[in-house]
Amino acid sequence: MDKNTLVGFLLIGAVLVGFSIWNRPSQEEMERARHYQDSIQAVAQQEAAKFEAEAAAQKQQALVLDSTSLFFGANQGTEEFTTLENNLVKVTISNKGGRVVSATLKEYKDQQGEPLVLFNEEESAMNFAFEGKNENILTEELFFQPMNVSDSSVTMRLTTTGAGYIDFAYRLLPESYMLDFSIRANGMQNFFPAAQKSLNIEWWQRARQQEKGFDFEQRYTSLTYKPVDDGSDYLSEFKAEKETIEEPLEWIAFKNQFFSSVLIAQNNFENATLESVPEEKGSGFMKNYTAEMTTFFDPTGKEATNLQFYLGPNHFKTLLASNDLCINKNEDPELEDLVYLGWPLIRWINRWFTINLFDWLSGWGLNMGIVLLLMTLIVKALVYPATYKSFMSSAKMRALKPHVQKINEKYPKQEDALKKQQETMALYSQYGVSPMGGCLPMLIQMPVFMALFFFVPNAIELRQQSFLWAPDLSTYDSVLNFGFNIPFLGSHLSLFCLLFSVTNILNTWYSMKQQDTMGQQQMPGMKIMMYAMPIMFIFIFNSYSSGLNYYYFISGLIGILTMVILRKTTDENKLLAQLEANKAKIKQQKANKGTQGGLMAKLEALQKEQERLQKEREERMNRNKR
């Protein structure tokens, strides 16, 4: 890339930036547009509320007028609440609809420092629909009677005008986030058709924004489900999506980044239609979740419909322990899949190494920032042999730079590039140096570093844990708030992200310097790209968790210090002497064997064969021209 081309790109960039600024609407125009959109939204909400109120009134009126209904006495009443709780969670159940209306986690706090509420009555709904011979039952508007109430259990009974009834039995397990839930009919054989074998469930919930960073939390908030005999899957985190699942499901989860409401069925869910709609930023909510499905129901009452809720944190080992409490005793429900730990190999590293190392270090009672620092040091120590091997491969090539430079001077023309490459490879072969020797060790390190990329954002232990200037390592740190939004950057600047990008720039500069001393020529455009990437990281990672940016900053800094120390402690003159001795040894081996082996010899032979084929093609082309 010459000077004129570079200047041209800079001018084009300046024109584009200036054009975008010039076309940006004024503050007054944006306020008018925002007011217009708010007005439309308000009218739409009013119309929707009016429609829902009218529909509810019509439904209620129909129930009241139908005095012949078996559930005529259940369509009127006063809503009352029953609370079940243990040392971990408090669950509130309403007699209206006999459903769970709120769940509060005692060991976790919201952003205001109050006990964390997963959902409340206005943010959730659950309706059970039973098909009868002459009428259907919709439980959401019917009043149940609380029976057998205790601190951890209650039976909500839906009575009829006759002797039959339907029981919704809830039992909160001790020392757990699991809530058992069963449905059983009693004395209602004549109400249901003989062929009736299922009931319909409608479940709805608005997922609250529980963390400071909306954009980052959005990445990990999704409607997740687990098909039978298959791995878990999920709907899109970023766009509205509705999907009908043909295969039976073991469970359905309304998932936030760190917390989930999960509904589990002993006899699976069938004909599930799932929908996830993202909420607007600033609304206080992340997603609008809806699930409609069917499950087993015995109208004779001989067998209960057994369901179960998990209302708790997305903590890997807590979810593993909850698997043992699930009603599906014959199958592993794999609730731990709610904590996404990466692709199969990386997930394996995280499950058996990263999590156990993290738990061991955090068990010392250290600050989470120190725990991440120690984890990074341990990981760096484990991959040090590969790092050292990669460095020594580069050092050997750097020691041979004078010889490589002579080859470059021997073949200055572009058409001699193949000859230059062939002679360079032959040189490396003579000294027993492999240009690929530094690549394999780097590839070995990648899964370990990627494992922490997936682990840190999903580690609930970092939530609301402060370190240095970051008040919460699970979300972004903000040392500078702009007061306005910058496209692709946001309304703040993360210092850990900035430090991470600076170390990347230093690492790039040092790596480019190393390549220059090795005699490797770099394209000017490639150099610009190498320096542009760390700057792009500021825009990409500015809204990421401060814990993740801190890890990358420390990892990059340790990497630079390691390379500097290795460079200072490596005597390249001694290394060159070793290479000369190695050259003589290889030469003697070739003389004894009569042939040469190894990767370098194969590459050299391959290049000679390519050169021979190229010459044959050139000769054929010359003959054709004649």
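The values are calculated or read from the model by the stated rules, or taken from the named source; none is laboratory data. Computed from a predicted model, the values in this text were never measured in an experiment. Note: ideal-geometry Cβ built from the backbone for every residue, glycine included; neighbour counts use all protein chains shown. Note: accessible area is taken over every heavy atom of the protein model, side chains too, but ligands, DNA and RNA are not part of it. Shrake-Rupley method; radii C 1.70, N 1.55, O 1.52, S 1.80 Å.
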Count of region 565-589 residues which are of a type in the set (A, V, I, L, M) and open to solvent by 50 Å² or more (accessible area, probe 1.4 Å): 5
Residues of region 363-380 classified as open to solvent by less than 30 Å² (accessible area, probe 1.4 Å) and touching a residue at least 60 places away in the same chain (Cβ under 8 Å), total: 6
Sole exception among (1) closer than 30 Å to Leu345 by Cα; (2) in a helix (DSSP H, G or I); (3) open to solvent by 60 Å² or more (accessible area, probe 1.4 Å) for Gln464, by number: (2)
Members of region 131-189 found to be of a type in the set (A, V, I, L, M) and within 19 Å of Val91 (Cα to Cα), listed by number: Met147, Val149, Val154, Met156, Ala169, Leu172, Leu173, Met178, Leu179, Ile183
Given (1) open to solvent by less than 20 Å² (accessible area, probe 1.4 Å); (2) of a type in the set (A, V, I, L, M); (3) in contact (Cβ under 8 Å) with a residue 40 or more places away in the chain, number of the condition Val149 does not satisfy: (1)
Which numbered condition Leu427 misses (of (1) of a type in the set (A, V, I, L, M); (2) open to solvent by 20 Å² or more (accessible area, probe 1.4 Å); (3) free of Cβ contacts under 8 Å to residues at least 40 places away in the same chain): (2)
Residue check, Thr354 under 24 Å from Leu199 (Cα atoms) and surrounded by 13 or more Cβ atoms within 10 Å (Cβ to Cβ): no
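A quick yes/no check of all residues on (1) modelled with pLDDT under 75; (2) assigned to a helix (DSSP H, G or I); (3) surrounded by fewer than 19 Cβ atoms within 10 Å (Cβ to Cβ):
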{"position": "Asn507", "(1), (2), (3)": "no, yes, yes"}
{"position": "Met512", "(1), (2), (3)": "yes, yes, yes"}
{"position": "Gln521", "(1), (2), (3)": "yes, no, yes"}
{"position": "Lys527", "(1), (2), (3)": "yes, yes, yes"}
{"position": "Ile540", "(1), (2), (3)": "no, yes, yes"}
{"position": "Tyr544", "(1), (2), (3)": "no, no, no"}
{"position": "Gly547", "(1), (2), (3)": "no, yes, no"}
{"position": "Leu557", "(1), (2), (3)": "no, yes, yes"}
{"position": "Leu561", "(1), (2), (3)": "no, yes, yes"}
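Yes or no, residue by residue, for (1) part of a loop (DSSP other than H, G, I, E, B); (2) within 27 Å of Asp229 (Cβ to Cβ):
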residue: Glu270; (1), (2): no, yes
residue: Glu280; (1), (2): yes, no
residue: Asn288; (1), (2): no, no
residue: Met293; (1), (2): no, yes
residue: Pro299; (1), (2): yes, no
residue: Glu303; (1), (2): yes, yes
Qualifying residue in region 437-447 (condition: over 30 Å from Tyr544 (Cβ atoms) and crowded, with 16+ Cβ neighbours inside 10 Å): yes
Matching entry among Asn323, Asn314 (being of a type in the set (S, T, N, Q), open to solvent by 10 Å² or more (accessible area, probe 1.4 Å) and within 26 Å of the chain's Cα centre (by Cα)): Asn323
Subset tally (residues that are buried (at least 20 other Cβ atoms within 10 Å of the Cβ) and touching a residue at least 24 places away in the same chain (Cβ under 8 Å)) for region 327-336: 2
Region 62-121, subset acidic (Asp, Glu) and part of a loop (DSSP other than H, G, I, E, B), residue least open to solvent (accessible area, probe 1.4 Å): Asp110
Residue in region 288-300 that is at pLDDT below 95, within 28 Å of Leu172 (Cβ to Cβ) and surrounded by 19 or more Cβ atoms within 10 Å (Cβ to Cβ) present: yes
Residue satisfying all of: in region 155-164; over 15 Å from Glu79 (Cβ atoms) and touching a residue at least 40 places away in the same chain (Cβ under 8 Å); least open to solvent (accessible area, probe 1.4 Å) among these: Gly164
Hits in region 165-215 - residues which are among the acidic types (Asp, Glu) and open to solvent by 20 Å² or more (accessible area, probe 1.4 Å): Asp167, Glu175, Asp180, Glu202, Asp215
